[in-house]
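Chemist: Encoded as structure tokens, here's the structure I'll be asking about.
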Amino acid sequence: MAHNIAELAQALGLQAEGALNLIVTHAAEPGEAGPDALALAMDPKYAEGLTNGRARAAIVWPGADWQDFGLEAAIFAPRPRWAMAGVSHVMDPGHDFGTDVHPMAFIDPTAQVAKGARVGPFASVGARTRIGPGARIGPNASIAEDVVIGADLTLHAGARIAARCVIGNRFIGQPNAVVGGCGFSFVTPEPSAAEDVRSTLSGDREIRQQKWQRINSLGGVRIGDDVELGANSSIDRGTVRDTVIGSGTKIDSVCQIGHNVQMGEDCMMCGMAGVAGSARIGNRVLLAGKSAVNDNIFVGDDVIVGGAARVFTNVPSGRAILGDPATKIETQLEIRKALRRLPRLAAKVAELQKAISGQKQT
Amino acid sequence: MAHNIAELAQALGLQAEGALNLIVTHAAEPGEAGPDALALAMDPKYAEGLTNGRARAAIVWPGADWQDFGLEAAIFAPRPRWAMAGVSHVMDPGHDFGTDVHPMAFIDPTAQVAKGARVGPFASVGARTRIGPGARIGPNASIAEDVVIGADLTLHAGARIAARCVIGNRFIGQPNAVVGGCGFSFVTPEPSAAEDVRSTLSGDREIRQQKWQRINSLGGVRIGDDVELGANSSIDRGTVRDTVIGSGTKIDSVCQIGHNVQMGEDCMMCGMAGVAGSARIGNRVLLAGKSAVNDNIFVGDDVIVGGAARVFTNVPSGRAILGDPATKIETQLEIRKALRRLPRLAAKVAELQKAISGQKQT
Amino acid sequence: MAHNIAELAQALGLQAEGALNLIVTHAAEPGEAGPDALALAMDPKYAEGLTNGRARAAIVWPGADWQDFGLEAAIFAPRPRWAMAGVSHVMDPGHDFGTDVHPMAFIDPTAQVAKGARVGPFASVGARTRIGPGARIGPNASIAEDVVIGADLTLHAGARIAARCVIGNRFIGQPNAVVGGCGFSFVTPEPSAAEDVRSTLSGDREIRQQKWQRINSLGGVRIGDDVELGANSSIDRGTVRDTVIGSGTKIDSVCQIGHNVQMGEDCMMCGMAGVAGSARIGNRVLLAGKSAVNDNIFVGDDVIVGGAARVFTNVPSGRAILGDPATKIETQLEIRKALRRLPRLAAKVAELQKAISGQKQT
């Protein structure tokens, strides 16, 4: 992973100054960077770390007096996180998927895996499945039958792709992620208690003993290009049509997406967020950590759902929402402020009551 | 999967009209149904889809003028989701578990797996484990030692059954589901800070440095018949007695059930719901998505816990509850309405205060 | 697992009386204990169970009239859960990891696994990985390349350790747990909508179409001694430095810890709790079930976060907090009480308003 500063700056599309031939072998935080490291110091708050550190080269904020920090070379980053993306790609030691198909892997003879695939021990590919060029499949990962996957698949250890799913290019599945578990769909012969409560919004109802009958999932999961699915996360298959995840959408660890969900492009779903069955999510929607979207509702394009928010009703495009139940963020912040003052408000009302009844008595 | 309309109608226990010999090969939504598909149009809202589609046969709502939609045959479904369950079973292409025990699977010589089992590559069955007839075990799934499982097991890729668990007939474990992880049970030599706070409901306490000592799980998990466990969901084993899941109970993806939980029959636990250790859940309880039940409490028969509700206290049978903390649904809806108006209420009280102090001054 | 009462009492550091040579083979709850069982009856509430049961020996509360319950021997436990920890270790039948490296396991020739390791079928260990003595690795578990793990590892079926992670002694990974999935870190060329909303706390903003660029995780996960990670739980790797979990910290099932998190020692994280990226958690922090900590905040030593609480802001050491958003527990309980009375409060204010406007009219 050794690079000189000139190469790095060019790869990042950034300006550099100083000893452009200096070689760095890895990236590090300023305080921990040794003489072979590229210190990551894109913000003035890292000035002290640079001063006390031993780095000879760093990525710094525009205008930094890099020579004052004892650096011999500097790269200038106007947008730190964007530069970080570049650095992380250039410097990544990567993951070892072997060099070929491991002798202890199993690929069904009817599967078509493009040449050059790297497949780890105890990984398997099912009948008639087709996988594009550049696939990297970790140990114990499995891809079932009749699956179609594009180019440059990265499937980490223990990730699962179930039957008949269709996935685009550059998919990344983190360890133990699951695509295509069966949808959670059951029905009782007569309307169930849950159906009653939903329609009346009341707990009053006839109690009935009924067994759940399973609705099998005839649909699969259809995923666009450049999608990532986090560790131990799950996307369920559809009942009749496929569950759909649009291109560019990123899903974090321990998330769940129910059957029939239609999720748009370039969405971001953070850790432990969930989308219930048949919900429709627009493009560029952000679902923050632990947030939840109810089943069968619609969330418009560019909606931002705040941390741990519970979305029970449709949300128009562009809105930023927060809370349980979720409201516009401005409304929620007002509600929260009022809530903190609620005990005081109650006391105030009690006083007013006393004052008035005092007036009446006089 | 080709069926003619007469066969289908009979399998579903429904009436049919028209060209009863017409053959369909799969089910589809009305707008996407081609001439070989059975269009699923059990509600008048699908009339347009039928009109514009190319389907020759459909399942329709009772009384539908099916010939007007250009159909050659129709099946009538008075309860759409119930019909859907039937169709999904008849039309399901299913999952490929191979035809036998894969040569790269491992079954301990002391295990007793009934003849005819289908076992995928890299699946394993531990010592002395007994599995009934009809088992289908996916790639990389594992069943540990001394497990007892009934007939017609379906264990998808990567699902885990740990030692000494006992499972009834027709169990379905979705990919990477786990039965029998160790219970989360630890103790400190002296009462811990958490124990103090729980007993006093106050943060005031002595701070103590203490190490956690593990309590091993001597119990296992005992599961009835017809239970399903979703992808990446987990049921922990019991401390002394077993964790118990009653027959007919269905558990969705990314759920968690703690040690010692006693869950009744025919319950339904939706995505990302959790039940903490030693809680007792009655029969036919519905836990909606992202809901949570506290440890050591009791939830009665037929209780309905709404989406994302947090149940901190015992719930009597039959109640429908919602909110955080959960209350009766009617109460919660009132609270939510009042909460939305809370900023206005605070403003109103401020006005009243001004009015009264004005009166006093005059 | 047969032990006589004298041995057991000595192993537990407790006093015993009666037939000290009596042999018991397992532990059971009083009502279910047969003549070979050690009944666990450390609380007077079990008196009835003892009376009706068939146990000949029990662990009882101090001062219990054990002979009145028909017991032949008794061990006295002043702190029941502490005694339970001891009993559970002595009586645990354990998990079967085989006796050696299974012929169907794969250990890379460059890996160094200390002699005596037990490795199940279809488990794998990657290149250059070093594992200390006493390792027990279950079926289908995998450890990637360049990992360093201390002594007495227990890795259950399907658990994953990704590249370059460093783990101390006595680590326990439950089934399908994941250490070292990639961090969830993406960036857009220009500031994203989420960044705008966070800085303005308002939904008003320019809508922009932007693609997410991935930031790779150069860091790994560094875990201390005596840490346990629950079934289907996940700890993500760091961006530049490692994600860190301190010694003695216990993590339950279906939990998630984001990239760069620094978690202290002896913490406890209960089922379905989550800590978002770059949060710092002190020592001895308790995160109750379903609780959540926001990204980039700080939670001090000895903090107790109540069930399902949402922590959005820094928390000083020693505090006990509850609610969404979390506040001091005493404040939250007041808020909740006021909230339940809120509809009544609103009615009261309406009355006051009427009374005052009545006064004005007169």
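Chemist: Under the rule of -39500 (n - 2.57) per DSSP H run of 4 or more residues, summed and divided by the residues of chain B, what mean residue ellipticity at 222 nm is obtained, to the nearest 500 deg cm²/dmol?
Modeler: Value at 222 nm, helices only, nearest 500: -5500 deg cm²/dmol.
Chemist: Turning to a different aspect of this structure: Find out how many positive minus negative residues lie around B:Q67, taking Lys and Arg as positive, Asp and Glu as negative, among other residues whose Cβ is under 14 Å from that of B:Q67.
Modeler: Computed value for this residue: -3.
Chemist: Still on this structure, please answer the following. Let's see if you can work this out: charge +1 on each Lys and Arg Cβ, -1 on each Asp and Glu Cβ, no other charges. What is the dipole magnitude of the range C:274-362 about its Cα centre, in debye to the nearest 20?
Modeler: 500
Chemist: Let me ask you something else. Students sometimes get this wrong: rank B:H95, C:H156, A:H89 by accessible area, probe 1.4 Å, all chains present, largest first.
Modeler: These residues rank, largest area first, as A:H89, B:H95, C:H156.
Chemist: With label points built 7 Å along Cα→Cβ from the Cα atoms of C:K115 and B:D92, find their separation and express it in nm.
Modeler: Distance between label points: 5.2 nm.
Chemist: OK, next. Return the subset of A:K290/B:K337; B:K115/B:K250; A:K337/C:K290; B:K211/C:K328; A:K211/A:K250; A:K290/B:K45 for which the Cα-Cα distance in this structure is over 32 Å, preserving the input order.
Modeler: A:K211/A:K250; A:K290/B:K45
Chemist: Roll a 1.4 angstrom probe over the protein heavy atoms and tell me the percent of accessible area of the protein assembly as shown that is carbon or sulfur.
Modeler: 49
Chemist: Where both partners of a DSSP beta bridge lie in the range C:3-91, what percent of those bridges are antiparallel, to the nearest 5?
Modeler: Roughly 30 percent of the DSSP beta bridges within the range C:3-91 come out antiparallel.
Chemist: Total accessible area buried between chains A and B, 1.4 Å probe, in Å² to the nearest 100?
Modeler: By this definition, chains A and B bury close to 6300 Å².
Chemist: Sticking with this one: Can you run the Rg to Rh ratio on the range A:3-91? Use alpha carbon positions and the Kirkwood inverse-distance Rh.
Modeler: 0.90
Chemist: Compute the distance from the alpha-carbon center of the range A:321-362 to that of the range B:63-142, in whole Å.
Modeler: Between the Cα centre of the range A:321-362 and that of the range B:63-142, the gap is 57 Å.
Chemist: Related question: Hey, for C:E32 with labels 7 Å out along Cα-Cβ, what do the inter-copy distances come to in nm, ordered shortest first?
Modeler: Once sorted, the set of distances for C:E32 reads 4.7, 4.7 nm.
Chemist: Mind checking A:58-65 for the average number of partner chain beta-carbons within 10 Å of each residue's beta-carbon?
Modeler: The mean count of partner-chain Cβ atoms within 10 Å per residue comes to 0.
Chemist: Apply the a/c threshold of 1.5 to the C-alpha gyration tensor of the range A:15-173 and tell me whether it is rounded, prolate or oblate.
Modeler: prolate
Chemist: Does the protein assembly as shown come out rounded, prolate or oblate by the C-alpha gyration tensor, with a ≥ b ≥ c the root eigenvalues, rounded set by a/c under 1.5 and, if not, prolate when a/b is larger than b/c and oblate if not?
Modeler: rounded
Chemist: Given the protein chains as shown and a 1.4 Å probe, how many square angstrom of B:D146 are accessible, to the nearest 10?
Modeler: 50
Chemist: Ok, one more. Take every residue in peptide B:186-193, count the Cβ atoms of other chains within 10 Å of its Cβ, and give the average of those counts.
Modeler: Mean shielding by partner chains, rounded to a whole number: 6.
Chemist: Where Rh is the Kirkwood radius over the Cα pairs of the range A:206-277, the temperature 20 °C and the viscosity 1.002 mPa s, what D in µm²/s does Stokes-Einstein return?
Modeler: The calculation lands on 166 µm²/s.
Chemist: Another question, then. Rank B:V244, A:V221 by accessible area, highest first, at a 1.4 Å probe radius?
Modeler: The ranking, largest first, comes out as B:V244, A:V221.
Chemist: Another question, if that's okay. I'd like the accessible area for C:K290, computed on protein heavy atoms only with a 1.4 Å probe and all protein chains in place. Round to 10 Å², please.
Modeler: 20
Chemist: Still on this structure, I have one more. Please list, in order along the range B:39-52, the HN-Hα scalar couplings obtained from phi with the Karplus expression 6.51 cos²θ - 1.76 cosθ + 1.60 (θ = phi - 60°), rounded to whole Hz, x for Gly and Pro.
Modeler: For the range B:39-52, the Karplus-derived couplings read 6, 9, 9, 7, 9, x, 5, 8, 4, 5, x, 5, 4, 7 Hz, x marking Gly and Pro.
Chemist: For the peptides A:53-60, C:126-133, A:336-343, what is the packing order when you average, over each peptide's residues, the other Cβ atoms within 10 Å and list the highest mean first?
Modeler: Top of the packing list down: A:53-60, C:126-133, A:336-343.
Chemist: Which residues among the range A:288-312 fall inside the zone where the amide N is under 11 Å from a point 7 Å beyond the Cα of C:T313, along Cα→Cβ?
Modeler: Once the point is set 7 Å along Cα→Cβ of C:T313, nothing inside the range A:288-312 turns out to lie under 11 Å by backbone N.
Chemist: How much of B:T327 can a 1.4 Å solvent probe reach, expressed as accessible area in Å² and rounded to 10?
Modeler: Only protein atoms counted, so the area is about 30 Å².
Chemist: Rounded to the nearest 0.05, what FRET efficiency is calculated for C:R208 and C:Q353 with R0 set to 51 Å and r the Cβ-Cβ distance?
Modeler: So the FRET efficiency works out to roughly 0.65.
Chemist: Have a look at the range B:289-313 and report residues whose accessible surface goes down by 30 Å² or more when the remaining protein chains are included, against the chain on its own, probe 1.4 Å, ligands and DNA/RNA excluded.
Modeler: B:K290, B:D302, B:I304, B:A308, B:R310, B:F312
Chemist: In the neighborhood of A:A144, defined by Cβ-to-Cβ distances under 14 Å, what is the net charge if each Lys or Arg adds +1 and each Asp or Glu adds -1?
Modeler: +3
Chemist: List every residue whose amide H lies under 5 Å from the amide H of B:C267, counting only residues 5 or more places away in sequence or on a different chain, with H placed 1.01 Å from N in the peptide plane.
Modeler: B:T249, B:K250, B:R284, B:V285
Chemist: Enter the accessible area per residue of chain B (Å², integer; probe 1.4 Å; all protein chains in place).
Modeler: Each residue of chain B exposes 38 Å² on average to a 1.4 Å probe.
The values are calculated or read from the model by the stated rules, or taken from the named source; none is laboratory data. If you're wondering where the values come from, they're calculated on a predicted model, not measured in any experiment. Here Cβ is always computed from backbone atoms with ideal geometry, including for glycine, and neighbour counts include all displayed protein chains. What goes into the accessible areas is simple: the full protein's heavy atoms, side chains included, and nothing from ligands, DNA or RNA. Shrake-Rupley method; radii C 1.70, N 1.55, O 1.52, S 1.80 Å.
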